Amino acid sequence: MKMKSGFFERNLHILFPLPAALFITALMLFPVCYTLFVGFTDWTLTSGRPLRFVGLQSYSEVFRDPRFHDAVIRTFVFTFGAIAAEAVLGTVVALVLNRDFPGKGFLKFLLLLPLVVTPVAIGIVFNLFYDPTIGFLNYILSVVGLPQLGWVTDSGTVMASLILVDIWEWTPMIALIVLAGLAGLPGEVFESARVDGANALHIFFRVTLPMIMPTILTAVVLRAVDALKTYDIIYAMTRGGPGYASETLNIYAYKLSFEYFELGHASVTLVFLFLLVLLLSIGVMELRKKFEV
């Protein structure tokens, strides 16, 4: 009995959180494992037949689907278009906010507003801006004498319109992360650079940028993972339309699941998206290590 008491007393820091840790682990692993399992079946709710294990057949059928190929391309276009612009704009905004000027606190407060608005509300508001007939953006174009655009109703401009919404919503997050990185830089390095005769441009590209690059890449990883999985904004604004012009992998998987009830094919799409997110995250984190001092 003393041995048992001693064991529990020595391992209380493990035993107390263990049930919660096991529950959270199961909560994370079960959906992933279940999706992997369903991806090896031909489960279709409308077929009227039981689930069958078909191996890689569902993967073969999905990977041969032209809609899947187009959805992959649109996912990359949306992700890299939005992330590139957000990284550049976020860094510029952070550099501006890193200086002292009147109204700096209020400007930081304004930066937080896009982050606290729900994505569906953002989608509804931007749909009003993008409206071809009564939209504010087309009114501005008409005032300056430029041709009006279809924005989200035109297959040629819909992806760019969605990217603009994502940039508006998430640039502040990258700006705040980079601003925190700038605040932690040692001032002695900049003083030494100025003593050596470096101008502002040289200081930025030779000192500031290399030192904050790990912070920028961390922000890029966080945004890339989220951008690859973007669903709410796209569904609220276009539902993947017009036609399939804004159908990304998440929208494609949603339609396979809840419109066509092809759960096996939908699981294959989600497994592919999971691997895509994983590989991109690992790649950017490996790149980040090269910039760490």
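Using a 10 Å cut-off around each Cβ, can you sort 13, 69, 202 from fewest to most neighbouring Cβ atoms?
Least crowded to most crowded, the residues run 13, 69, 202.
With a/c under 1.5 counting as rounded, go ahead and sort region 206-293 into rounded, prolate or oblate using the C-alpha gyration tensor (a ≥ b ≥ c being the square roots of the eigenvalues; past the cut-off, prolate if a/b is larger than b/c, else oblate).
It comes out prolate by the Cα gyration axes.
For region 40-291, just say rounded, prolate or oblate: build the C-alpha gyration tensor, square-root its eigenvalues into a ≥ b ≥ c, call rounded for a/c under 1.5, and beyond that prolate if a/b exceeds b/c, oblate if not.
Oblate, since a/c reaches 1.5 and b/c is not below a/b.
If R₀ is 45 angstrom, what is the calculated FRET efficiency for the pair residue 195 and residue 232, using the beta carbon separation as r and rounding to 0.05?
0.30
Between residue 69 and residue 117, what is 0.36 nm times their sequence separation minus the Cα-Cα distance? Round to one decimal in nm.
14.0 nm
Sort 44, 133 by Cβ crowding within 10 Å, fewest neighbours at the top.
Ascending Cβ contact count within 10 Å gives the list 133, 44.
Could you work out how far apart the two model spin labels at residue 46 and residue 34 are, taking each label as a point 7 Å from the Cα in the direction of the beta carbon, and quote it in nm?
Here the modelled spin labels are 2.3 nm apart.
Given the DSSP H assignment, sum -39500 (n - 2.57) over each helix run of at least 4 residues in the chain and divide by its residue total; what's the result at 222 nm in deg cm²/dmol, nearest 500?
Calculated from helices alone, the mean residue ellipticity at 222 nm is -23000 deg cm²/dmol.
Ranking 104, 290 by Cβ neighbours within 10 Å, fewest first, what do you get?
With the sparsest Cβ surroundings first, the list reads 290, 104.
Using modelled amide H (1.01 Å from N, peptide plane; none on Pro or chain starts), what sits under 5 Å from the amide H of residue 41, excluding residues fewer than 5 places away?
Distant-sequence amide H within range of residue 41: 54.
Starting from 0.36 nm per residue, how many nanometres of slack lie between residue 239 and residue 133 once their C-alpha separation is accounted for?
That pair, residue 239 and residue 133, stretches by 36.1 nm at full extension.
Read the figures in this text as sums done on the coordinates, not as results from a lab. Keep in mind that this is a model prediction, so the values were computed, not measured. Glycine gets a Cβ as well: all are built from the backbone with ideal geometry, and neighbour counts include every protein chain shown.
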